[in-house]
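S.K.: Below you will find the structure I want to go over with you.
The values are calculated or read from the model by the stated rules, or taken from the named source; none is laboratory data. The model shown is predicted, which means the values in this text are computed figures rather than measured ones. Here Cβ is always computed from backbone atoms with ideal geometry, including for glycine, and neighbour counts include all displayed protein chains. Each accessible area value is taken on the protein alone, full model and side chains, heavy atoms only, with ligands, DNA and RNA left out. Shrake-Rupley method; radii C 1.70, N 1.55, O 1.52, S 1.80 Å.
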Amino acid sequence: MHCVFTYDLAASGDRRTEIEADIDKFLKPYRWAKRLTTFYIIEIKSIENWNSLLKQFQDYSKSIPERFHFIISPPMAGGRYNGILPEGKWDFINDITSNS
């Protein structure tokens, strides 16, 4: 399975870098592809993984003074994404989505 995560963050400079480092920490246990500025395709193994991510992002959003809005898709199995990306950027996305 996999899900999509994207966000809007009202922070800049060092503070934005710090918050995005925290986001990377939340995603560390997972395989994920980030091919656009704030758009991730995340491989999850179970609904519990998805619930954990959702709760972490909700709690984090409430814990910081900056506006951190996000969307996380429902867990999905399979599927194929389409669009325009630089050459070679689709292989890992296809691996994540085909293994889910």
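S.K.: Counting only residues that are in a loop (DSSP other than H, G, I, E, B), among the hydrophobic types (A, V, I, L, M, F, W, C), under 30 Å from Asp91 (Cβ atoms) and in contact with a helix residue (DSSP H, G or I) (Cβ under 8 Å, 6 or more places away or on another chain), how many does region 55-81 have?
M.R.: Within region 55-81, the subset in a loop (DSSP other than H, G, I, E, B) is 64-67, 73-75, 77-81.
Then drop every residue that is not among the hydrophobic types (A, V, I, L, M, F, W, C), which leaves 64, 77.
The next check asks that each one be under 30 Å from Asp91 (Cβ atoms); those that pass are 77.
Next, only the ones that are in contact with a helix residue (DSSP H, G or I) (Cβ under 8 Å, 6 or more places away or on another chain) stay: none.
Number satisfying all stated conditions: 0.
S.K.: For region 30-66, give me each residue that is touching a residue at least 60 places away in the same chain (Cβ under 8 Å) and open to solvent by less than 80 Å² (accessible area, probe 1.4 Å). Give the steps one after another, and end with the answer.
M.R.: Step one: of region 30-66, the residues touching a residue at least 60 places away in the same chain (Cβ under 8 Å) are 31-33.
Within region 30-66, Trp32, Ala33 meet the criteria.
S.K.: Identify all residues within region 25-54 that are over 25 Å from Trp90 (Cβ atoms) and assigned to a loop (DSSP other than H, G, I, E, B); write none if there are none.
M.R.: The answer is Ser46, and nothing else.
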